[in-house]
Amino acid sequence: MASTAWAFAKLMVKNAHCLDAIAAASLRNICEFEGQQIGNMAWAFSKLGIPNGQLLDALAAQAIGISSDMGTQEISNTAWAFATSMMKNEPLLHALSSEAIRKITLFDAQGLAMSAWSLATI
Amino acid sequence: MPWLDAIAAQASPKLSEFDVQYIAITAWAYSNLTIFNETLLQAISAEAMSRIDECGPQSLANLALSCARQKYMDEPLLAAIASAAIAKISESIPLNLSNFAWAFATLLIHDAPLIDAISSQSLPQLQDFGAQQLANTVWAFASLGVSNRPWLDSTASSAIQLLHEYGPQGLSNTAWAYAKLLVNDSPFLDAIAEEVRAKIHQFHSQNLSNMSWSFAAL
């Protein structure tokens, strides 16, 4: 599901019906989402400019729960997605921040720059 | 914010691994948050200077904006940004042009070749400028005392179409700019006055006093 949403976003296909169905199905299975899927899903909905508040809240809650397993790219993608959709979620920011600081030496240049951009934009 | 401290500490010694666009984005982010991190700024300045020719207009604009917002008067870097911006001026879009003008005016740097390049590049595309971009560019030119009548006339024709999108700050800065440059364009100033009347409840005392001064000066 996350990769379908990601593919739609990459191709800038705004099929609202299909994306609604993806959001609804994701909400049912949110507790199975892993870091990469959370990042991709949040990124996809933001990139397409159709933020879904309920989905983003659920993704944030799941991200907080599994943040210690998130890789650096998943952390910066998730921060970017929430910044782009103008969803300021303090608990999520707190969780991502703790994980990012712990893993800071593993971030590449793009991840560092985009994390800073996200924090400045959110 | 601890996360931003960690990013700065990690990024500063590794900027040579960054694409220039990410260097400029990093500078932009810290300036947008008004976080002054001298180590990071110095590292960004050195790295951006050495690779200034790789920077496109967007990155040059982000670097200039960051220096302006941080009041970071780094003359060698700003001179390098100005030369590179002139070289890339034909690739610059309205947002980049207005950012260049605003940044250099905020730092009170009157780089005549850059201002000339901004004027000539913007003149044929003023109708593509947004309200904020027009207001910032006009304010910048007036702050630097640049009185280019054909440019100001064209700007007024574009701005008059967009005045409904101007907020109090844009309206008062625009009136101030034309007053400072003593360009008494009655139809334009009448249109500004009309817009002010419609939005008067949004004005703060600073906007109101600037506005009164401008109309009095003309």
Subject >> Scan of the stretch B:25-52 for residues that are at the interface with chain A (Cβ under 10 Å from one of its Cβ atoms), more than 19 Å from residue B:84 (Cβ to Cβ) and aromatic (Phe, Trp, Tyr), ordered by number >> reply: B:30
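Which members of the stretch A:80-98 meet the condition of being crowded, with 17+ Cβ neighbours inside 10 Å and more than 13 Å from residue B:4 (Cα to Cα)? Break it down into steps so the answer makes sense when it comes.
First, pick out the residues of the stretch A:80-98 that are crowded, with 17+ Cβ neighbours inside 10 Å: A:80-85, A:87, A:89, A:92-93, A:95-97.
Result: A:80, A:81, A:82, A:83, A:84, A:85, A:87, A:89, A:92, A:95.
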Subject >> Which numbered condition residue A:64 fails, given (1) modelled with pLDDT of 95 or more; (2) within 14 Å of chain B (Cβ to nearest Cβ) >> reply: (2)
Original post:
Is at least one residue of the stretch B:208-215 polar (S, T, N, Q), surrounded by 14 or more Cβ atoms within 10 Å (Cβ to Cβ), assigned to a helix (DSSP H, G or I) and at pLDDT 95 or above?
Top reply: no
**OP:** Look through B:3, B:28 and report the one residue that is surrounded by 20 or more Cβ atoms within 10 Å (Cβ to Cβ), in contact with a Ser or Thr (Cβ under 6 Å, 6 or more places away or on another chain), in the same structural domain as residue B:93 (by TED's automatic domain parsing) and over 19 Å from residue B:98 (Cβ atoms).
**Re:** B:3
Original post:
In the stretch B:1-24, which residues are more than 9 Å from chain A (Cβ to nearest Cβ) and more than 19 Å from residue B:80 (Cα to Cα)?
Top reply: B:12, B:13
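Here's the yes/no breakdown for (1) under 29 Å from residue B:196 (Cβ atoms); (2) of a type in the set (A, V, I, L, M, F, W, C); (3) more than 15 Å from the chain's Cα centre (by Cα):
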residue: B:58; (1), (2), (3): no, no, no
residue: B:117; (1), (2), (3): no, yes, no
residue: B:134; (1), (2), (3): yes, yes, no
residue: B:154; (1), (2), (3): yes, no, yes
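To keep it simple, each residue is scored yes or no on (1) closer than 22 Å to residue B:60 by Cα; (2) touching a helix residue (DSSP H, G or I) at 6+ places or on another chain (Cβ under 8 Å); (3) part of a loop (DSSP other than H, G, I, E, B); (4) not assigned by TED's automatic domain parsing to the domain that holds residue B:80.
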{"residue": "B:105", "(1), (2), (3), (4)": "yes, yes, no, no"}
{"residue": "B:109", "(1), (2), (3), (4)": "yes, yes, yes, no"}
{"residue": "B:116", "(1), (2), (3), (4)": "yes, no, no, no"}
{"residue": "B:136", "(1), (2), (3), (4)": "yes, yes, no, yes"}
{"residue": "B:142", "(1), (2), (3), (4)": "no, yes, no, yes"}
{"residue": "B:158", "(1), (2), (3), (4)": "no, yes, no, yes"}
**OP:** Would you be able to say whether some residue in the stretch B:83-90 is assigned to a helix (DSSP H, G or I), at pLDDT 95 or above and closer than 20 Å to residue B:178 by Cα?
**Re:** no
Original post:
Which one is surrounded by the fewest Cβ atoms within 10 Å (Cβ to Cβ) among residues in the stretch B:45-56 that are under 20 Å from the mean Cα position of the chain (by Cα) and among the hydrophobic types (A, V, I, L, M, F, W, C)?
Top reply: B:52
Subject >> residue B:101 being surrounded by 21 or more Cβ atoms within 10 Å (Cβ to Cβ), assigned to a helix (DSSP H, G or I) and among the small types (Gly, Ala, Ser) >> reply: yes
Original post:
Within the set of pairs 6 or more residues apart or between chains, which connect a residue that is farther than 11 Å from residue B:7 by Cβ inside the stretch B:22-35 to a residue that is in a loop (DSSP other than H, G, I, E, B) with Cβ atoms less than 7 Å apart?
Top reply: B:24/B:55
Subject >> Unmet requirement for residue B:82, which otherwise passes all of (1) away from every other protein chain (no Cβ under 14 Å); (2) within 17 Å of residue B:13 (Cα to Cα) >> reply: (2)
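The values are calculated or read from the model by the stated rules, or taken from the named source; none is laboratory data. Treat the numbers as computed from the prediction; the structure is a model and nothing was measured. Glycine also receives a Cβ, built like all others from the backbone with ideal geometry; neighbour counts cover every protein chain displayed.
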